[in-house]
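Peer 1: The structure follows.
Every read-out reported here was derived from the displayed coordinates using simple, explicitly stated rules and does not represent laboratory data. Here the structure is a predicted model, which is why all the values come from computation and not from measurement. Here the Cβ positions follow ideal geometry from the backbone for every residue, glycine too, while neighbour counts run over all protein chains shown.
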Amino acid sequence: MRRIITLGIVLVFAFSCKTTEELQREQMVDNLSIQLTQNQKLSAEAKIKLQELESRLNSINGTLEEQGHKVDKTYSSHMKQNKDKIQLLEEIYKSAQNVQDKQAAQIDKLEKEVTAQKKYIKDVLKILKKVDNVVEDQKQRSPYNQAFYLYNKGRYTKSKPLLLSLLKNKKIKGKKQARVLNALGMMNFWKKKDDQAVVYFSKLFTEHPKAPYTTNALVYMAKSFYRQKKKDQAIAALNMLLQKYPKSKKIPTAKKLLRKYR
């Protein structure tokens, strides 16, 4: 009896264990089924989103291709326009260059003509000047006018004997004689004949103190003395100018020379 009871208990226990295991398996199957369903749902949703993304991507690609086509077309159009402009500019440049070359040739021709004309005019002026000098020399002048005509022309060799003869001429007096003395003094000063220059300037100062050439004579008398290294006499001549002719135009020159000589 005890064996039967024990066997029954064992059977019951075994049966009870099997049922629990099956329940667990069923529960696991149910869970897997639920997860599978959820995964299928998620997969379907992902597929839909993927399709939407593919659709948007295709749309974007299409837009980009369209924009690229427009850009290519616009770029090609601009390139053609630029080429046309460059070609037009090249033609304009060639035309301008041709005009410039022609103008340069004309200018060169004109310059040669002008140079030739200048040379011709220069030669004519030389001839006219020679003729004028001959005519002037042939004019009848008084000895006084002829002497100063030659003097003013710088022809001192010819004017000097005429000026010397005027000093002996008793008709030449006053300002005219003072002018003759000044001219002889200046010619000797320029030739660095200081002794003779001082003689004529001194005579001018002493005999014609009020003549318009006297202040000039004192200035060049001082220069002649200074060039002879007679510094005191040079300063004395300048001081005489300052004292006797304070309103003379030669005063600034005299003051400048005094600063130099002292």
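Peer 1: Quick check on the exposure proxy: order Ser76, Ser202 from fewest to most C-beta atoms within 10 angstrom.
Peer 2: Ser76, Ser202
Peer 1: Sort the following peptides by mean Cβ neighbour count (other Cβ atoms within 10 Å, averaged over residues), highest first: 188-199, 44-55.
Peer 2: Descending mean neighbour count gives 188-199, 44-55.
Peer 1: With θ taken as phi - 60° and the coefficients 6.51, -1.76 and 1.60, list the Karplus ³J(HN,Hα) couplings across the range 245-251 in order, rounded to whole Hz; mark glycine and proline as x.
Peer 2: Along the range 245-251, the couplings run 10, x, 9, 6, 6, 8, 4 Hz.
Peer 1: Next question. Report the local net charge at Ala116: Lys and Arg +1, Asp and Glu -1, summed over other residues whose C-beta lies under 15 Å from its C-beta.
Peer 2: Computed value for this residue: +1.
Peer 1: Cα-based Rg (one decimal) and Dmax (whole number) for the range 143-261, in Å?
Peer 2: In Å, with Rg to one decimal and Dmax whole: 14.2, 42.
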